[in-house]
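Working notes, structure below.
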Amino acid sequence: MRTSRPLNYFLLFLAALIGGGGLLTFMAFLFHGSVNFLKLGLSNFQVLIFDTFLCLLFFAQHSLMARRPFRQWLKTFLPSPYYGAFYAVASGIAVLVLIIFWQEASFTIYSPQGFLRLLFRGVFVIAIAGVAWTIFSLGFFVNFRVQSMVDDLRDRKSKNSLVTERGPYRYMRHPLYFCSLLMIWSNPELTLDRLLFNLIFTIWVIIAILLEERDLVSAYGDAYRSYQSKVPMLIPFRIKTGLFNEEPGVAVK
């Protein structure tokens, strides 16, 4: 299918506005916690059920759209360069729905003060720096899935290759997921709903990594298997046994 230059620019703008805005809002949510846009007056048990449903909606959008069969289906009626912008906009909407409707439980598990609170905040800042390092190493347009659209505007095609020797990818195969987990668990205010969020998102990150690993092995074969054998999956040092060193994933460019 043919693409349109004005539409390319418009979709890039939407991807930056909605996708980028959603990402920044999500980081603010991880740092600050629930903002209670809408209070539905639910009991703690009802809050947990409702928030679990919001998480599942978020995961369904992210996981489904990231899989190759969905991308192939979408390309039957959408020019392939537009996929990244479509994904970014859909992801931004999904995260905004999650944050706007998120309900806060009344029960607080812990709320450390003093040095320990500063330590939690310090971990978050380190994680943000790790995200910035990863994005810089991978490439801004690649990271936000709009490289193909930028290539279309420039009338060229970027080489599709593994990123294995740049920045944090020299030390772990999934630095963005690693930094995401640090941000998720570094909020010092642990309410009941936040504990639910942390646990569900941690499980989802692990599942997402395993699915991505499978896709990367399918796409790159022995080149990726060799990378798997040399670089840890999620923790930047080797552990002889355990989930995180068995099944692997990395970024593509």
Work out from phi, with θ = phi - 60° and the Karplus expression 6.51 cos²θ - 1.76 cosθ + 1.60, the ³J(HN,Hα) of each residue of segment 173-180, listed in order in whole Hz, and give x for Gly and Pro. 7, 10, x, 5, 5, 4, 5, 4
Segment 5-245: Cα Rg divided by the 2.2 N^0.38 Å rule of thumb: 1.08
Residues meeting the amide H criterion for THR191 (H placed from the backbone, H to H distance under 5 Å, 5 or more places apart or on another chain) are ILE109
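Any read-out appearing in this document is the output of simple, stated calculations on the displayed coordinates, not a laboratory observation. All of these numbers come straight from a predicted model, not from anything done at the bench.
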